[in-house]
Ligand code: COA
């Protein structure tokens with residue numbers, strides 16, 4: 001899971017945008033002309049679109065980036081006639097497929113489509129107040145943040161992907177925690193929309209390796225992971241997880257940094273790190289043995305043991321389990337009552353409880369990220385990811 005972080009970060013910035021912006025910008029000037037009543041994009045429009053692309057604040061997603069890449073290649077080089085990359089060369093294969101799919105589209109049409117696509121991306125970023133982020137003023141694509149009853153509620157909001165965490169989502173969760181730390185809320189809650197709490201890292205992030213290579217990717221991703229986990233270690237108010245369904249990977253490991261974990265009896269807790277050639281993160285290598293005892297933590301973190309909600313509760317990872325049919329009602333009415341307690345008293349009490357551990361947790365966080373840097377570059381990890389995608393492709 002944490003490996004997704006690593007790969008996600010680079011997926012956003014490097015492979016496509018950099019290529020689009022720097023490698024193919026020096027095409028010869030074209031003149032303005034019209035066909036079939038549509039004003040054709042000039043070379044100037046095309047260059048402006050390339051510059052506009054650099055101003056995008058939000059990642060448009062891999063699908064759009066592939067489309068941009070393909071249109072750029074088609075506009076500047078014509079139809080794809082390069083050899084097909086090997087099936088395990090994920091990034092270049094995806095790029096090649098996207099370019100090839102444009103068939104015999106003319107360079108003019110490709111240039112027009114490129115300009116139109118960039119224009120639609122830019123205009124969709126015009127600032128607008130997002131109704132889903134009431135209270136914070138911050139807009140989120142992957143989260144819904146609601147402030148009510150003195151509670152800041154952060155909902156993971158990719159239910160069709162089981163709330164798998166993309167790079168953008170890691171960043172948005174960090175931002176939402178920063179906002180919640182400063183706002184007037186008494187408590188902060190993290191939960192998920194849909195039937196899953198979270199399925200861990202979005203494994204699609206593994207397929208994006210930047211031109212600089214895996215080492216840079218591993219280093220950069222470790223920085224992102226460390227920063228993400230630090231937000232939980234340092235969070236100054238009571239932080240509560242409302243686990244509305246199964247939890248996988250990093251959505252399980254960070255639970256050791258929450259103050260209360262309420263779960264539906266439908267929830268399960270799974271950290272399949274060794275299946276993925278990886279190692280624990282979220283400070284779980286320290287918090288889990290302390291919470292559940294060494295031998296149980298070993299079963300969970302090394303041997304992929306899946307815990308039911310009741311097992312996780314018996315082991316101390318979960319505070320209380322509720323029947324699924326009444327889960328939402330019971331939990332939110334209880335949290336509403338917590339929200340009426342004195343804010344500063346709760347915050348200072350939490351800080352007293354957590355302060356002595358903070359320094360240690362930061363050290364553990366750094367060590368876990370260092371180990372993951374090595375794991376992400378390992379053959380064990382690469383083989384596990386390839387195997388995941390091969391299984392998915394066969395379905
Ligand atoms: N990364 C990327 N995509 C994910 C994902 C993840 N972690 N978890 C779920 N998805 C996607 C699926 O690929 C699927 O996408 P599709 O509709 O485009 O095919 C969609 O979410 C729904 O998931 P699906 O697998 O159809 O649901 P399911 O109920 O059969 O299984 C899981 C759910 C979570 C058990 C399964 O998706 C899974 O094993 N995901 C990987 C979990 C994982 O290993 N996380 C990292 C831990 S370290």
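Values in this text are rule-based calculations from the coordinates and carry no lab data. Bear in mind the structure is a predicted one, so any value in this text is a computation, not a measurement. For neighbour counting, all protein chains shown are included, and Cβ atoms are generated from backbone atoms with ideal geometry for every residue, glycine included.
Would any residue of the range 150-177 have its amide N under 18 Å from a label point 7 Å out along Cα→Cβ of residue 212? List them or say none. Label zone hits: 167-168.
Treating the chain as a set of equal point scatterers at the Cα positions, no solvent, please give the Debye-formula log₁₀ I(q)/I(0) at q = 0.08, 0.11, 0.12, 0.13 Å⁻¹. Here log10 of I(q) over I(0) equals -0.48, -0.84, -0.97, -1.09. From most to least packed by mean Cβ count within 10 Å, the peptides 299-310, 254-265 give 254-265, 299-310. Semi-axes of the equivalent ellipsoid for the range 51-110, computed as √(5λ) from the eigenvalues of its C-alpha gyration tensor and ordered from largest down, come to 20, 17, 8 Å.
Assuming 0.890 mPa s and 25 °C, estimate D for the range 213-304 with Stokes-Einstein, Rh taken as the Kirkwood radius over Cα pairs, in µm²/s. Before the final figure, lay out the partial values.
On the way: Rh = 14.1 Å.
The diffusion coefficient I find is 173 µm²/s.
Peptides 269-276, 106-113, 66-73 ranked from most to least packed, by the mean per-residue count of other Cβ atoms within 10 Å: 66-73, 269-276, 106-113. Sorting the segments 342-348, 159-165 by their residues' average number of neighbouring beta-carbon atoms within 10 angstrom, most packed first, yields 159-165, 342-348.
Within the chain, antiparallel bridges make up roughly 30 percent of the DSSP beta bridges whose residues both belong there. Counting neighbouring Cβ atoms within 10 Å and putting the fewest first, the residues 369, 313 line up as 313, 369. The simple spin-label model puts a point 7 Å past each Cα toward its Cβ; for residue 314 and residue 343 those points are separated by 4.2 nm.
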